[in-house]
Each structure stands twice: as structure tokens, then as C-alpha cells.
Amino acid sequence: MSAATLTPPPAAPPIPQIASEPFPWKWTRDQVIQIYDLGMFHGQRVMLIDGEVLTMSPMKSEHANGIVFAMQQLQLLFGSNFTVRPQLPLDLGKSTDPEPDIAVVAGPPRSHPNTPDTAVLVLEVSDTTLKFDLGDKASLYAAAGIADYWVLDVIGKQLHRHRDPRRDAKRRFGYSYRDVKLLPATDQISPLAMPGGSLLVADLLP
């Protein structure tokens, strides 16, 4: 038999691609709800941020009172045409479901049969989480288009007000706020969605 008539050997099967190193599992909002219903996070405070389930420390009295006082003031200011939601989910996508301390959404409560996906104002009460609330949390809310974001610093007795979301490649979620202002307890503030009313920062603080 001549060399011209030899049959070439069969090609080797492709080698399957295997990840060279471990990678984190990204949870979805539906998955977290399912495992929560199974009791996995019983007795814990958790939130879903960019596919990561974050546990939160037990709430201290200053934090709790800050939520109560701020919620009362915002309910009085916004009235019945808005809903003030304390520590309830805000659907910002399949992999992100924060539970802001307070979210004010347009419309009365019965107009929201499903989890809201936006808010006219988000307020976080901060004691031990100030760096996170001013950093990644601010970038998250800016990316979601939240136009008015407040961080109530119950330790420093002041309010950090964030407005005008913009693209910012240096921040975790690609956005930040252009207009950031620090207000002492003696200052007044008016929400963007309620420009005709104002609140004294001291009335929000515990």
C-alpha cells in the first residue's frame, strides 16, 4: 500500500474547558426568596446586593429610633398620595434587592401590589455602616436612578444628601451622585418630590 492511500488517524476529542480557579456564585432575587422561605436566614437581617447575600448586624436603639422618627416626619410631609415604606424590599433587578431603611414611593399603598422598582426618596439610617452607605450603597442607588438619596448619620448627628446621578466608572456600580451636601442638625431640607415642604434635620435624628 502506498503512502498516498493511508487513512489519517481520527482527530482527538476536544478537551473540556474547566475554570482555572473558584468563582463566586451569584444569587438571584427569586432564589433568595425561595431559600428564605425554607428558613435558611431565620432570625437574620439580610439583603441582596449584586448577587451577594449580605448579613447585617443587629439593630441598635439609635438606628431603630432614627427609622421611627424619620418615618413619622416623612409621612406627615408627603401625605396620603405617597407611601413611606420602612425596611421593605425595593426591586432593583434580578440580582439586587436592598431593603432600605425608608423608601418613599409615589402613590397610596394599595397602588403597589408588587414590590416597587423605584422611589422618589431613599433614606438609610447609618451608625456602623456609614462607609458602606456613602460608598457602594450610594453607587447602587445612583445606578438605579434614585434622584434623592439621604444618609442619616445618627452618630455624627448630621444628614448626607445625594442628588443628580451620573456615570462614574470609578464606582462599583458605574454611577455616583454629582450633588452631595452635608447638612448639620440645625439645617432644613426639602425633598425633590415635595419642594414646597421642608424638614428640620434634627427632627429626623434620635
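The values are calculated or read from the model by the stated rules, or taken from the named source; none is laboratory data. Note that this is a predicted model, so its numbers are computed, not measured. Note that we place each Cβ from the backbone using ideal geometry, even for glycine, and neighbour counts take in every protein chain shown.
Remarks
- Which listed residue, of Ala103, Ala119, Ala138, is closer than 19 Å to Pro191 by Cβ, of a type in the set (A, V, I, L, M, F, W, C) and in a helix (DSSP H, G or I): Ala138
- Enumeration of residues in the stretch 191-206 that are crowded, with 19+ Cβ neighbours inside 10 Å and assigned to a strand (DSSP E or B): Leu199
- Residues in the stretch 124-147 that are over 16 Å from Ile67 (Cα atoms) and either surrounded by fewer than 16 Cβ atoms within 10 Å (Cβ to Cβ) or within 13 Å of the chain's Cα centre (by Cα) (or both): 15 in all.
- On inspection, Ser95 passes the criterion of being surrounded by fewer than 22 Cβ atoms within 10 Å (Cβ to Cβ) and either of a type in the set (A, V, I, L, M) or at pLDDT below 95 (or both).
- Scanning the stretch 74-90 for residues being surrounded by 15 or more Cβ atoms within 10 Å (Cβ to Cβ) and part of a helix (DSSP H, G or I) gives a total of 4.
- Filtered residues of the stretch 148-179 (kept if crowded, with 16+ Cβ neighbours inside 10 Å and assigned to a loop (DSSP other than H, G, I, E, B)): Val154, Asp168, Arg171, Arg172, Phe173
- Any hit, the stretch 125-134, residues being of a type outside the set (S, T, N, Q), part of a strand (DSSP E or B), under 20 Å from Phe173 (Cα atoms) and touching a strand residue (DSSP E or B) at 6+ places or on another chain (Cβ under 7 Å): no
- Qualifying residue in the stretch 180-190 (condition: touching a residue at least 40 places away in the same chain (Cβ under 8 Å) and either surrounded by fewer than 16 Cβ atoms within 10 Å (Cβ to Cβ) or of a type in the set (Phe, Trp, Tyr) (or both)): no
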